[in-house]
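The values are calculated or read from the model by the stated rules, or taken from the named source; none is laboratory data. On a predicted model such as this, the values are computed, not experimentally measured, just so you know. With ideal geometry, Cβ positions are generated from the backbone for all residues, glycine too; neighbour counts draw on all protein chains shown.
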Ligand code: PGA
């Protein structure tokens, strides 16, 4: 992590915690996370509950507002409004959130999201003033076959090329090797860092050095309070996108560890 970039600790709650349970959990963790972000101007924590639970979590956050403790959605459509049953728009997300996760591997795998669609969503998020966390990463077979670099290249190009240069620096990229998600088999800090460095380099060729230096890159995949320091200590990794551990108190522990390292 370098000092000009914040450390971002984002929790992807996935399809866990409906409105009541989300509110309850938020009441437990928001004061603790708020305390950390108040202490440390370099730390940004983002909670990403399911869409139906955004409002109740927002309400809890509003009762104890803290700088740099923010709310994010897990997905959105790129259109502003209209006949798109079941979808939420960037304008709707913006009412409650600063951030949106896009192109998570589960969206790509189970809901057929392509790089092209992720690109449209990313552009829409940036246009409406949201911070997109765009997820990329290779699957097990690609990892075994030594194709990681190629896959990352294709995904960065396909999901993130041709954005307006002045907006490109606001993108956050989460490197999430699919084989590490929810498996308990995290990547090593060294390997994740190598891919993060590659992503920064690719971004530099697309948008110039200034955008590449400003770009936040997160690691995701079986991150816990036990292993997170391996990632946070790499100069090209600026935090984590956390699944399983984000619906437990371990999320606060991870934020605490990040706090000591910023
Ligand atoms: P995990 O999920 O931390 O449970 O592996 C990460 C993610 O899917 O973002």
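Checking residue 191 against (1) within 17 Å of residue 229 (Cα to Cα); (2) surrounded by 19 or more Cβ atoms within 10 Å (Cβ to Cβ), which test does it fail?
(2)
Residue by residue through the range 163-180, note down the ones that are surrounded by fewer than 22 Cβ atoms within 10 Å (Cβ to Cβ) and within 12 Å of residue 131 (Cβ to Cβ).
Of everything in the range 163-180, those that are surrounded by fewer than 22 Cβ atoms within 10 Å (Cβ to Cβ) and within 12 Å of residue 131 (Cβ to Cβ) turn out to be 167, 169, 170.
If you check residue 243 against the conditions, is it closer than 24 Å to residue 70 by Cβ and either in contact (Cβ under 8 Å) with a residue 24 or more places away in the chain or touching a strand residue (DSSP E or B) at 6+ places or on another chain (Cβ under 6 Å) (or both)?
yes
Restricting the search to the range 181-199, which residues are more than 30 Å from residue 128 (Cβ to Cβ), assigned to a helix (DSSP H, G or I), touching a strand residue (DSSP E or B) at 6+ places or on another chain (Cβ under 9 Å) and within 16 Å of the ligand (Cβ to nearest atom)?
189, 192 - these are the residues of the range 181-199 that are more than 30 Å from residue 128 (Cβ to Cβ), assigned to a helix (DSSP H, G or I), touching a strand residue (DSSP E or B) at 6+ places or on another chain (Cβ under 9 Å) and within 16 Å of the ligand (Cβ to nearest atom).
State the number of residues belonging to the range 62-78 that are surrounded by 15 or more Cβ atoms within 10 Å (Cβ to Cβ) and assigned to a loop (DSSP other than H, G, I, E, B).
Matching residues across the range 62-78 total 7.
Look through the range 225-246, keep the residues that are assigned to a helix (DSSP H, G or I) and within 9 Å of the ligand (Cβ to nearest atom), and return whichever of them is surrounded by the most Cβ atoms within 10 Å (Cβ to Cβ).
Filtering the range 225-246 for residues that are assigned to a helix (DSSP H, G or I) and within 9 Å of the ligand (Cβ to nearest atom), the one surrounded by the most Cβ atoms within 10 Å (Cβ to Cβ) comes out as 246.
Could we say that residue 118 is part of a helix (DSSP H, G or I), surrounded by 15 or more Cβ atoms within 10 Å (Cβ to Cβ), modelled with pLDDT of 95 or more and within 16 Å of the ligand (Cβ to nearest atom) here?
yes
Tell me whether the range 143-152 contains one or more residues that are assigned to a helix (DSSP H, G or I) and under 17 Å from the mean Cα position of the chain (by Cα).
Looking for residues that are assigned to a helix (DSSP H, G or I) and under 17 Å from the mean Cα position of the chain (by Cα), one finds at least one in the range 143-152, hence yes.
List pairs: first residue in the range 200-223 and closer than 27 Å to residue 181 by Cα and part of a helix (DSSP H, G or I), second residue within 16 Å of the ligand (Cβ to nearest atom) and at pLDDT 95 or above anywhere in the structure, Cβ distance under 7 angstrom, at least six positions apart or on different chains.
As it stands, the answer is 200/217, since those pairs meet every condition given.
For the range 79-111, give me each residue that is in a loop (DSSP other than H, G, I, E, B), surrounded by fewer than 18 Cβ atoms within 10 Å (Cβ to Cβ) and within 16 Å of the ligand (Cβ to nearest atom).
Matches in the range 79-111: 111 only.
For the condition modelled with pLDDT of 95 or more and either in contact with a strand residue (DSSP E or B) (Cβ under 8 Å, 6 or more places away or on another chain) or crowded, with 18+ Cβ neighbours inside 10 Å (or both), what is the one hit in 9, 52?
It is 9.
Of (1) modelled with pLDDT under 95; (2) more than 17 Å from the chain's Cα centre (by Cα), residue 169 satisfies all except one. Which?
In the conditions (1) modelled with pLDDT under 95; (2) more than 17 Å from the chain's Cα centre (by Cα), residue 169 misses (2) alone.
When you scan the range 40-61, how many residues do you find that are part of a loop (DSSP other than H, G, I, E, B), farther than 22 Å from residue 124 by Cα and free of Cβ contacts under 8 Å to residues at least 60 places away in the same chain?
Total satisfying the criteria: 1.
With the structure loaded, tell me whether residue 222 is farther than 16 Å from residue 48 by Cα and within 16 Å of the ligand (Cβ to nearest atom) or whether it fails that test.
Answer is yes for this residue.
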